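Working notes, structure below.
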Amino acid sequence: MAYLNRYIEREIQLALETSGVVVVAGPKFCGKTTTCKLFAKSDYSLNTKKKIELVQSNPESILIGETPRLIDEWQNVPDLWNCVRAEVDERENKFGQFIFTGSTTPADKDEIYHSGSGRIVTIKMRPLSLYESKESKGIVSLAELFNGKEKVFAINEKYYLQDTAFYICRGGWPLSLVDNRERALRITENYFSTLFEFENSKNKKFRNKKPEIFRMILRSYARNVSTEVRRRKILDDINEHDDRSLDVDTFDEYIEALNDLFIIKDIESWNPNFRSKTAIMTSPTRHFVDTSIAAGALGVSPDDLMNDPKTFGLLFEDFAVKELSIYAQALGGEIRHYRDGNGLECDAVMHLKNGAFALIEIKLGGEQLIKEGVSTLTKLMNKLTDSKQAAPAFCMILTAVGDAYTTKEGIHIVPINMLKD
């Protein structure tokens, strides 16, 4: 399979030019090592028990090699973090020395004795976006919209709602990008079935935790995806729907582990500092690093989504947030969500470092849902105006299917397979 260029390459290159160590972190099989090898001139992988034991006895030994030197799955020997900091300090050329990749954070964070500030920079990597996998037509550029492009228009030929359902269930895993859709879905199913198996861990378990409990929690997370449900309610949902019950401490430990495995990725709230007394809700929305994990946890197929619009809508919102997060990162920004105490909400707010922001509603499509999205965005824009706040650079309704166009209100309607950074 030919290599597909990733947005993150720009970040890695800049980080190597400005930092001694670049840590690229993300879920298993998202392509970290393959991408980082483009920049490395030597590498070492801590992927077997024997290699790990050898390096644990003398961690400085694997730092020797042509730079940038790639250390894959570095978290298996956490002391490398401390060693690499000292090594960078001693070298005359302090930039671009090492690349660390990891699919988890270290099990024992107490073994890391310093933050790495000024020497180590961490970059988060997600699975592929549709544009990176060459499955988005890329007709609508977010960068151009931020720079003032006023209208969009394109006919979305030969693209159907079933295509979006398929992309949700297949995910953005490089190994699943094969022409045969049945095989692609099976590859993703195989990935999910082994998600919590770790060859170098005790009993092949992550931090000695039970895979069945991980999957039980993921099912509840998936049932509540794209909502602001509180963690206590997720725990209650688990205890209501599954045979066994969890206590709060055990639940919190597993949630921490899922975060450390880069499987779940909640989105924080956006506060525009309104001068009104309306309360701004601060609960995060529940999301996955890739929606195929949610689909796998629920055991749903593309056909199932086509027959269940409610579940399809929630998973599509998660999918859209994942896509937008990748494009936002490429633009030096982030994705947040907004909801106030009166129930006015916006599914995604793309906020750039220069202060510019965009309001984005996420809808499956269809005249009625788009009309609802236009109404919501209009109300929020009016609230910003009344509060004398800065106006958004643009407003968008991101859909699962349909054509791209701009409404009379100036709101861009864009199908997800036409978007790029």
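The values are calculated or read from the model by the stated rules, or taken from the named source; none is laboratory data. Quick caveat: nothing in here was measured; it's all calculated off a predicted structure. For neighbour counting, all protein chains shown are included, and Cβ atoms are generated from backbone atoms with ideal geometry for every residue, glycine included. For the accessible areas, the whole protein counts, side chains as well, though only heavy atoms, and no ligand, DNA or RNA atoms are used. Shrake-Rupley method; radii C 1.70, N 1.55, O 1.52, S 1.80 Å.
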Flag for GLU73 being open to solvent by 20 Å² or more (accessible area, probe 1.4 Å) and at negative phi: no
Which numbered condition GLY332 fails, given (1) within 24 Å of the chain's Cα centre (by Cα); (2) surrounded by 15 or more Cβ atoms within 10 Å (Cβ to Cβ): (2)
Residue within the stretch 172-181 that is touching a Gly at 6+ places or on another chain (Cβ under 6 Å) and not charged (D, E, K, R) present: yes
Residue in the stretch 177-197 that is within 30 Å of PHE394 (Cβ to Cβ) and open to solvent by less than 90 Å² (accessible area, probe 1.4 Å) present: no
Residue that is nearest to VAL289 (Cα to Cα) [pool: residues in the stretch 335-344 that are open to solvent by 40 Å² or more (accessible area, probe 1.4 Å) and at pLDDT below 95]: ARG339
Count - residues of the stretch 1-35 that are open to solvent by 40 Å² or more (accessible area, probe 1.4 Å), under 17 Å from the mean Cα position of the chain (by Cα) and over 21 Å from GLY332 (Cα atoms): 1
THR376 vs. criteria in contact with a helix residue (DSSP H, G or I) (Cβ under 7 Å, 6 or more places away or on another chain), polar (S, T, N, Q) and over 16 Å from PHE316 (Cβ atoms): no
Helices (runs of 4 or more DSSP H) enclosed by the stretch 1-67 - at least 2 residues per element that are closer than 26 Å to ILE264 by Cα: 8-18, 32-36
